[in-house]
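To start, the structure under review is shown below, and the notes come after it.
The values are calculated or read from the model by the stated rules, or taken from the named source; none is laboratory data. These numbers were taken from a predicted model, which means no experiment stands behind them. No Cβ is skipped: glycine too gets one built from the backbone with ideal geometry, and neighbour counts run over all protein chains shown. Quick note on the areas: whole protein, heavy atoms, side chains included, nothing else; ligands and nucleic acids left out. Shrake-Rupley method; radii C 1.70, N 1.55, O 1.52, S 1.80 Å.
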Amino acid sequence: MTINPNITSVSNSEVRQELNWKRYFSFNTDHKVIGIQYLVTTFIFFLIGGVLSMIVRGELITPKSDLVDRTLYNGLFTLHGTVMIFLWIIPSQVGLANYLIPLMIGAKDMAFPKLNAIAFWIIPFGGIFLLSSFLLPSGTAQAGWWSYPPVSIQNPSGYPINGETIWLLSIILLGISSIMGGVNFVTTIVRMRAPGMTAFRMPIFVWTVLSAQLLQLFCLPVLTGAAIMLFFDLSFGTNFFKPALGGDPVLYQHLFWFYSHPAVYVMVLPAFGVFSEIIPAFTRNPLFGYRSVAVASLGITVVSIFVWVHHMFASGTPSWMRILFMFSTMLVGVPTGIKVFAWTATIWKSKLHLDTPMLFALGGVIMFVIGGITGIMLGAVAFDLHVNNTYFVVGHFHYIVYNTITMAIFAAIYFWFPKMTGRMCHEGWGKIHFWLTFIGANLTFFPMLPLGLQGMVRRVSSYDPQYAGYNILASLGAFLLGMATLPFIANIVASWLNGARAANNPWHATGLEWTTASPPPLENFAKIPTVTLAPYSYGQPQYSTVDTSDEEALRRHGN
Ligand code: HEM
Ligand SMILES: [Cu+2]
């Protein structure tokens, strides 16, 4: 019995019901509502983080510091980095996972719905609280998204409540929200899978979210602890990190990066999961090496805990420790390489369907190869000491956080938008958005690599005129990237209101989420399915979700 993907799902009134916006402004515990709340809220923070970076690039289009004063410039890149990491990349993927995980594993909701809603509402409040620091007489935090002492606790303004105080309290608050999410996801994935969905029948997106959330639970408390100690040094005169009073600022660096390097995998693992869902769907091919890709997710999780010192090769780290962490850093390349190889082998000799989700996924994978190779280069001590704190580093991580992960998030939104809204996005606008983004992202971040090799350091608002050429290119690219979001916003709003009705499975994908209605009913499935096969098994029935008695009910629900 195959599921007819073209049966359109729900009646107009049910789609209208979906458009009842009030639910999104309430304390709602339905994981689908919370998922969309996360995605919309974090996208607003993405726009704010983007505007901050446009001002930064506006300043850097000329060698002179002639747009904003230097103190404000410090605040701009500090809040840009902080907003983009803690209010866009990490929580947006929590939003995606919130919407998808229960649907993918055949559950009615997350394990702790109330905790889920609380964890969400911390995000808008934490974000507004952080951004309100721009209004303080002291100005906002200025010590970068790392907030290294002793710079971060010097408090030049002398105000007891200053930008750094607000930064630290926001990081602590947002961390609590993430830890709540970690408990919820790990419990849901381990305890609430449908009958028959054994570990090696879980979609890769589920594996990557599980891996990312295990990293959050294991490493994030260390950052929260370090932020609390720094807050005490700043506000109550303790001296955990004050060298003059016997404290150790390098200890803070260890604690910060013990979380913040695994954090880059908290950010990239779900993106890898998105690629592993989209590429089989648009090649109609089973994912090559499914089990190796699943295990590689856990492999990355374990190895990523033992590489953090590669951020401190220039912090007086002893040679033996540098060599040790150079090797562990190189080791991360193995499980990551397995994933890139598996996606390539899945695409190989397949008939590609280049719809917008697939374009963004392919673009993201290609970009990841550049981000990954420059990462391996930075892992080599000799090379890193040459380019540490230069634009090579800025270029490298933007190839990951923007060109790979943000592209993956766009791919995911285009892919699951029909499931979430019951409507199709406009394909033409989607393609315009893709090409403007792909060109803009490379024009912005590629010139940063040679800039760094030539020695231009980061976090400066004026520089030697010899660097002008590449900076002009990077700034023009950034403005193009800013413009590229406009067709996306227009497409999403117009399609959500009046897009073509979507079938349950418009992309002929094989996941459990595509067997229920678009949008799904309150508890997702009329009857909890029983899983019989590994995912991505094209051409073979996977779920005995349809026995005669329920078929009518499911058809009523659009199947
Ligand atoms: C929208 C396009 C973006 C542009 C044009 C952009 C541009 C920049 C520039 C020019 C800097 C260096 C500032 C300096 O060192 O003086 C920077 C720093 C940074 N960016 Fe972006 N960025 C963008 C998107 C993102 C995204 C999506 C993330 C996600 C995590 C991100 C995270 C960071 C971080 C963490 C820093 C370091 C801040 C610091 O030095 O403390 N950026 N960005
Ligand atoms: Cu790292």
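Brief remarks follow.
- Residue in the range 351-366 that is at pLDDT below 95 and over 30 Å from Trp496 (Cβ atoms) present: yes
- Of the residues Met110, Met54, Met104, the single one that is in contact (Cβ under 8 Å) with a residue 24 or more places away in the chain and either hydroxyl-bearing (Ser, Thr, Tyr) or open to solvent by 10 Å² or more (accessible area, probe 1.4 Å) (or both) is Met54.
- Matching option when the condition is closer than 30 Å to Asp355 by Cβ and away from ligand 2 (no atom under 13 Å from the Cβ), among Gly316, Gly337: Gly337
- So Phe360, is it open to solvent by 20 Å² or more (accessible area, probe 1.4 Å) and away from ligand 2 (no atom under 16 Å from the Cβ): no
Results for (1) open to solvent by less than 10 Å² (accessible area, probe 1.4 Å); (2) more than 23 Å from the chain's Cα centre (by Cα); (3) within 21 Å of Val186 (Cβ to Cβ), shown as yes or no for each residue.
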residue	(1), (2), (3)
Gln216	yes, no, yes
Pro221	no, no, yes
Ala227	yes, no, no
Asp233	yes, yes, no
Lys242	no, yes, no
Gly246	no, yes, no
Phe256	yes, no, no
His261	no, no, yes
Met267	yes, no, yes
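- Subset of the range 399-413 [open to solvent by less than 10 Å² (accessible area, probe 1.4 Å) and either more than 24 Å from Pro447 (Cα to Cα) or not small (Gly, Ala, Ser) (or both)]: Tyr399, Asn403, Thr404, Ile405, Thr406, Met407, Ile409, Phe410, Ala411, Ala412
- Pairs with Cβ under 6 Å, 6+ apart, first in the range 284-311 and within 27 Å of Asp355 (Cα to Cα), second of a type in the set (D, E, K, R) and more than 16 Å from ligand 2 (Cβ to nearest atom): Val293/Lys339
- Residues of the range 40-50 satisfying the condition of being open to solvent by 20 Å² or more (accessible area, probe 1.4 Å) and touching a residue at least 60 places away in the same chain (Cβ under 8 Å): Thr41, Leu47, Ile48
- Condition broken by Thr317, with the remaining ones in (1) of a type outside the set (D, E, K, R); (2) touching a residue at least 12 places away in the same chain (Cβ under 8 Å); (3) farther than 30 Å from Thr198 by Cβ satisfied: (2)
- Within the range 493-552, if we keep just the residues that are modelled with pLDDT of 85 or more, in a helix (DSSP H, G or I) and not hydrophobic (A, V, I, L, M, F, W, C), the residue that is most open to solvent (accessible area, probe 1.4 Å) turns out to be Asn498.
- Total residues in the range 448-483, condition within 11 Å of ligand 1 (Cβ to nearest atom), free of Cβ contacts under 8 Å to residues at least 40 places away in the same chain and in a loop (DSSP other than H, G, I, E, B): 1
- Of the residues making up the range 59-93, those that are more than 8 Å from ligand 1 (Cβ to nearest atom), assigned to a helix (DSSP H, G or I) and open to solvent by 20 Å² or more (accessible area, probe 1.4 Å) are Arg70, Thr71, Leu72, Asn74, Phe86.
- From the list Val401, Val369, Val365, Val303, the lone residue that is within 16 Å of ligand 1 (Cβ to nearest atom) and among the β-branched types (Val, Ile, Thr) is Val401.
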